[in-house]
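Scroll down for the structure; my scribbles are underneath it.
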Amino acid sequence: MGEAFPSRLLWFILLHVGADAVSLPAVDGFPTSMTELSFSGMDYTGTIPSEYGLLTALTTLDMDENSIEGPIPSELGQLVNIVEYFVLSENFVEGAIPTQL
């Protein structure tokens, strides 16, 4: 995603901004202290990057209304602070949800 985000960033939310279908962004530059990550309705495609499991402070991960496919990476099981929302509805994911969630 280019330059790193400010280390004090807690939320990163993109909702229905009419972007062309692209892959989910990498976590490079996202501060590990970020608590909310939302890509709702962005028409993202591809699979969920396993590196999202590095964002261990997340309490919310919302990726509904995209075209994400494939399995849910086991690395997301490291997101033990997800207590508010873990949303993958209206996608094409398959397989088991990591038991730690």
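FYI, it's all coordinate maths here, none of it is from the lab. Note that the coordinates shown come from a computational prediction; the quantities given were computed from them, not determined experimentally. Virtual Cβ from ideal backbone geometry, glycine too; neighbours counted across all protein chains shown.
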Sort out which residues of region 45-79 are of a type in the set (A, V, I, L, M), in contact with a Leu (Cβ under 8 Å, 6 or more places away or on another chain) and without any contact (Cβ under 8 Å) to a residue 40 or more places away in the chain, and write them in order of number. L55, L58, L61, M63, I72, L76, L79
For A26, which of the numbered conditions (1) more than 14 Å from L101 (Cα to Cα); (2) under 13 Å from the mean Cα position of the chain (by Cα); (3) surrounded by 14 or more Cβ atoms within 10 Å (Cβ to Cβ) fails to hold? (3)
Being of a type in the set (D, E, K, R), touching a Ser or Thr at 6+ places or on another chain (Cβ under 8 Å) and at negative phi is the filter here; which residues of region 34-60 pass it? E36
